[in-house]
1. P(r) of the stretch A:417-487 in 10 Å steps, Cα pairs, percent per bin?
2. Mind giving me the nanometre distance, one decimal, between the label points for B:Met262 and A:Leu35, set 7 Å out from Cα along Cα→Cβ?
3. Taking K and R as +1 and D and E as -1, what net charge do the other residues with C-beta under 12 Å from the C-beta of A:Glu521 add up to?
4. Rounding to the nearest 20 debye, state how big the charge dipole of chain A is about its Cα centre with +1 on each Lys and Arg Cβ and -1 on each Asp and Glu Cβ.
5. Suppose every Lys and Arg Cβ carries +1 and every Asp and Glu Cβ carries -1, with no other charges. What dipole size does the stretch A:496-561 come out with about its Cα centre, to the nearest 20 debye?
6. Within the P(r) computed for chain A, what percentage of the Cα pairs occupies the region above 38 Å?
7. Classify the stretch A:255-376 as rounded, prolate or oblate from the Cα gyration tensor: take a ≥ b ≥ c as the square roots of its eigenvalues, call it rounded if a/c is under 1.5, otherwise prolate when a/b beats b/c and oblate if not.
8. How big is the stretch A:398-585 on each of its three principal axes, counting only the C-alpha atoms and giving the largest first in Å?
Amino acid sequence: MEPSELKRSKDSPNLDESTRRLSFPDEVLERVLSLLKSHRDRSSVSLVCKDWYNAERWSRTHVFIGNCYSVSPEIVARRFPKIRSVTLKGKPRFSDFNLVPENWGADIHAWLVVFAAKYPFLEELRLKRMAISDESLEFLAVSFPNFKALSLLSCDGFSTNGLAAIATHCKNLTELDIQENGIDDKGGSWLSCFPESFTSLEVLNFANLSSDINFDALERLVGRCKSMRVLKLNRSVSLEQLQRLLVNAPQLAELGTGSFSEELTFRQCVELESALSNCKNMHTLSGLWDAKGIYLPALYPVCTHLTFLNLSYAALRSDELAKLLAHCPRLKRLWVLDTVEDKGLEAVGMNCPLLEELRVFPADLFDEEIIHGVTEAGFVAVSFGCPRLHYVLYFCCQMTNAAVATIVQNCPDFTHFRLCIMNPGQPDHITNEPMDEAFGAVVKTCTKLQRLSVSGRLTDLTFEYIGRYAKNLETLSVAFAGSSDWGMQCVMGGCSKLRKLEIRDCPFGNAALLSGLEKYESMRSLWMSACNVTMNGCRLLAREMPRLNVEVMKEDGSDDSQADKVYVYRSIAGPRRDAPPSVLTL
Amino acid sequence: MQGGGGGSESGSLSTVSREDNMVVSSEDSSCPDESELELGLGLCLGGFKMHQVSRGGQFARILTAKDFPSAISASPSPSSSSSSSSSSSSSSLSRANVTAGTKRTADSVAAANSSSQVVGWPPIRAYRMNSMVNQAKNQTTEGFNSTMENHKSETSTVEKGTTGISSYHNSGNAKLRKSLFVKVNMDGIPIGRKVDMNAHESYEKLAKTLEDMFLKTTPNVNPAGSRALELGMMNKLTRSSKLLDGSSDFVLTYEDKEGDWMLVGDVPWKMFLCSVKRLRIMRTSEATGLAPRLHERNCQRQRSKHI
């Protein structure tokens, strides 16, 4: 039955038994809706009518909360009684770059306490930019007997002791994924805490940690976890040890090697290559720390079916990359360091026609010698060879408007375009013009654009373009750009689908901030730091829009009237009560 | 309002109290040097400088590293209030350009190091920053420096089976120097910094960097403009200089691998690198029990160094 029919039958004044019998029994509706996975679909479904709202909330098993302060754990638990999997994001993204005070908040503990009471059968917890202590990890480990998957990305506040608690108590653990966190690494003994009887692990990622682990314990663990498909080692694991692990785990689909640089005998190289060639399911390869070019041929057998190659910790030269990529025809995602230079990127264009995602990270920002890095030429070369490219993150030392225009002409399907010209406010290096036309070309040509990060010298014109053309834009990051309030006003007025806006060091003031008054409730959040916004502007915003939380982070000794860092987000939980003294809620 | 560029600004601020604007502008008119200074400290933020001018009234910004530079390139004239970028700013840009592939003079190297210390820029996660390997594959073995030893000692557990066919021993290979970033906090300043320990070869170099980061300002700085230090710390700090010799109001301490807070300088530099987890510039008055002996001990150390 169509949703509209259902609604009509409910609203019809002639409602009688026969009409009501036409509606689905709740159980069937719930069953059908349980097949819906996307949160957005589920949100839409819940708005149809009360029955559907209820059916949806009873059938939902996974909840995604993009801002932990937008809602309270009690509200979540009240609405969704049957949750088994939770994804939570906490701090504003700029906390990754040290722009947010350390004790800002986003502590998971209050959530865990509610979950322990309301979701005792919780299985999965995925956290991003949350603060989590060892005590919380231990509480988690003992409170949920069915707990299966823990993923921590860019979190902080915990140490390897917390991991030991997880390993010790979570008898049904299938996933332990520790990525890029501010973890206090006290040693590798946590890994030895997995009991000998424990065999369920499918995903183990401890690449984040630096301490040595007990290799024997790891070898035994990998040996008995026959369903393991993702294994990402840390730097302390040697090539020789890697080979021993692979022999026992040919079923691996994703491998993060340890250090790839020690000296191997010829026989050891052959054995490594042989072990890798047995891994027929492997589609993702990462790690490769300090990779020495001479050992890369050991990877060739795996390269033929690789779809994701993460070389962002291996400082390869252009020739080394070229040789490797010649064996990777099916590559869809590639992350590299800019040590490969433009020549290396030419090789990408020549060898990887199926490429969809490219990320180029800077290798060393502090080298006193000549830095080469990548320029516009490399990006252009990739765009000619990889028409399917739709996701790019590119750190470069120079760019031109013409190059970007060519790039988007070759690759009009960009959904994520994140360009970082590393020198703030740098213009087109040939014409000395601002980079306005570059981003103008991006938004005009790439109609599917969802995420954009701009850089270089930019005037308000860039933002006029964005407001006028980027109709699907959801996330925008701006730094050291713009000329006046008008720039931000264009964005607030034009980008109807905007959800996240983060701005730093731009000349946008109160007028710009307040131009988005109507808009902020439809957005997840707004961040503005080192702009021209004042406390009065923020107070006005807070007063006009009571369902927004307006938080200001003040610096010691800064002018009382300046709002140094502003974070605005919608919330049905009201202002938060756990803010540290440096964060003012207006 | 600075120059004549404030016209559009005052119009756009009409929805909020004019007092805001007046407060800002009156501060500016009393501290013209400060706005000039902001421009002068732009380093490679040449384009940014022009934006600041065009904004009209200057404002109290969050101080970033560029406000405490160790070396500054000269600024273009700030008197123009036009928002269009002029050739003068572009030339200072290219002069101060730090990431182009050009050979650098000593000055610009210093500028490069401090400009790359703008807080949170480029936007790379701290984890990745710490993992960065400085490899200059084009370099010869002359690049092996003292920090290579550190790297070797850290990877000694990794290296096994060193006997091998000589063709695999490519000793003319990369210079490897990892960055070892540790947090530095200073009492009284809530936002900390990070410093690359491996970029320094000695305590003196480290102390100098930290002093540049936290204590010193250049002669051009108008103390009233340095917002973070406005509360009188400024005077105290510029008087003091050395963190190591006990003559400062502040003392440098570090947290070691066992979680204990120790005075920096007792052990050899390399040993220090292995055990340091983070640094704290502590008020001497809080380093209880150390203050009176500090000066003594440091004098002793300096004496023994000369032996």
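1. Pairs per bin, as whole percents: 22, 58, 20, 0.
2. According to this spin-label approximation, the distance is 6.5 nm.
3. Every neighbour counted, the sum reads +3.
4. Values: 65 positive and 72 negative charges, 506 e Å.
Its charge dipole is roughly 2420 debye.
5. About 460 debye.
6. Numbers: 68162 of 171405 pairs.
Counting pairs separated by more than 38 Å, the tail of P(r) holds 40 percent.
7. Numbers: a/c = 2.03, a/b = 1.30, b/c = 1.57.
Cα axes put the stretch A:255-376 in the oblate bin.
8. Largest first, the stretch A:398-585 extends 50, 33, 25 Å along its Cα principal axes.
No value in this document is a laboratory result; all are computed from the given coordinates. If you're wondering where the values come from, they're calculated on a predicted model, not measured in any experiment. Cβ coordinates were reconstructed from backbone atoms using ideal geometry, including for glycine residues, and neighbour counts include every protein chain displayed.
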